[in-house]
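Here the structure comes first, spelled out in structure tokens, and everything after it is commentary.
The values are calculated or read from the model by the stated rules, or taken from the named source; none is laboratory data. This is a predicted model, so every value here is computed, not measured. Here the Cβ positions follow ideal geometry from the backbone for every residue, glycine too, while neighbour counts run over all protein chains shown.
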């Protein structure tokens, strides 16, 4: 076998192997949210909630506590079987609302990367409420990369509030 043939065989072999690996990827990417949602973040999908039985009013709920990151609170206002407003925010493990100081230590940014990630979660919280009003279903709200725990807490709290609205 001459050098040209060996090179061609090697290139074809590598291309074949690469196509095999590409074809064996999981289908998670097909289920990832669009419109700037989290990329590569595995999130639990939930079924749509029937709002036809939801009563007008404002419903509040909280997520479970995460020992490291706290929990989330939501207030959802229903009018004519539609979500008219939704405000979601995080509560740090010390009981304070997550805001511009979230991610700081003793009032100072000691770890810029951690602070940036924490502030991304704070911004995501506001986005989750706005998306809920727009899309009318918690399961249709896109997860935001870097804010997965906040997203899971949002889903839990919003589902609890909407379940309460149907009672």
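So which of 63, 52, 85 ends up being at pLDDT below 95 and at negative phi?
The match here is 52.
Output the residues belonging to segment 75-87 that are part of a strand (DSSP E or B) and either loosely packed, with under 14 Cβ neighbours inside 10 Å or out of contact with any strand residue (DSSP E or B) (no Cβ under 8 Å at 6 or more places or on another chain) (or both).
Correct list: 79, 82, 84.
Output yes when any residue across segment 113-135 is assigned to a helix (DSSP H, G or I), under 28 Å from residue 54 (Cα atoms), without any contact (Cβ under 8 Å) to a residue 40 or more places away in the chain and within 9 Å of the chain's Cα centre (by Cα), and no when none is. Break it down stepwise before answering.
Taking segment 113-135 first, the residues assigned to a helix (DSSP H, G or I) are 113-135.
Filter once more, keeping what is under 28 Å from residue 54 (Cα atoms): 124-135.
Filter once more, so that each one left must be without any contact (Cβ under 8 Å) to a residue 40 or more places away in the chain: 124, 126-127, 131, 134-135.
With the extra rule that they be within 9 Å of the chain's Cα centre (by Cα), the set shrinks to 124.
For segment 113-135, residues assigned to a helix (DSSP H, G or I), under 28 Å from residue 54 (Cα atoms), without any contact (Cβ under 8 Å) to a residue 40 or more places away in the chain and within 9 Å of the chain's Cα centre (by Cα): present.
Does residue 102 satisfy being touching a helix residue (DSSP H, G or I) at 6+ places or on another chain (Cβ under 6 Å), farther than 20 Å from residue 47 by Cα and surrounded by 14 or more Cβ atoms within 10 Å (Cβ to Cβ)?
Values: touching a helix residue (DSSP H, G or I) at 6+ places or on another chain (Cβ under 6 Å): yes; farther than 20 Å from residue 47 by Cα: yes; surrounded by 14 or more Cβ atoms within 10 Å (Cβ to Cβ): yes.
Yes; evaluated as a whole, the condition is true for this residue.
So if I check each of 57, 129, 90, 72, which one is under 17 Å from residue 158 (Cα atoms), exposed (fewer than 12 other Cβ atoms within 10 Å of the Cβ) and in contact with a strand residue (DSSP E or B) (Cβ under 7 Å, 6 or more places away or on another chain)? It would help to see each step written out before you state the result.
Values: 129 fails: exposed (fewer than 12 other Cβ atoms within 10 Å of the Cβ); 90 fails: exposed (fewer than 12 other Cβ atoms within 10 Å of the Cβ); 72 fails: exposed (fewer than 12 other Cβ atoms within 10 Å of the Cβ).
Only one candidate passes the filter, namely 57.
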